[in-house]
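Data block below; observations after.
Bear in mind that the values in this text are calculations on the coordinates, not laboratory data. Because the structure is predicted, anything quoted here is derived from the model rather than measured. Cβ sites come from the backbone with ideal geometry, for glycine too, and all protein chains shown count toward neighbours.
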Amino acid sequence: MPQIIILPHAELCPQGQVFEAPAGQTILDAAKENGIDIEHACEKSCACTTCHVIVREGFDSMIESDELEDDMLDKAWGLEPDSRLSCQAVIADDNLVVEIPKYTINIVSEAH
């Protein structure tokens, strides 16, 4: 199984975290199963950008984003070339290093 490394995030995982996840699972679902509650205001329907992540390593191993995801990503805070919506980014066979951005465009977080 691929290893997923989540870089430290002040609120969601201050120490960072490393876990294994099966190929075919999304980054969001794998993170949630391992106690990292990445925000996802649209309930994984690719209708917002609150689950935006940056894949620092392993980006090219994943299935490419589709047009809908690309259109949504254009609205994400802190967009980078290796940005993905974690609800759409499917893990393949390679290890990933993932950064969760500090901010989202969500005005009110459900968790607060």
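Structure summary
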| item | result |
| --- | --- |
| Hits among lysines - C-alpha to C-alpha of K32 under 23 Å, sequence gap 8 or more where chains match | K44, K102 |
| Relative intensity, log₁₀ I(q)/I(0), of the chain from a Debye sum that treats every alpha carbon as a point, q = 0.14, 0.16, 0.18 Å⁻¹ | -0.48, -0.64, -0.82 |
| Packing rank of 82-93, 5-16, where each peptide gets the mean count of other beta carbons within 10 Å, highest leading | 82-93, 5-16 |
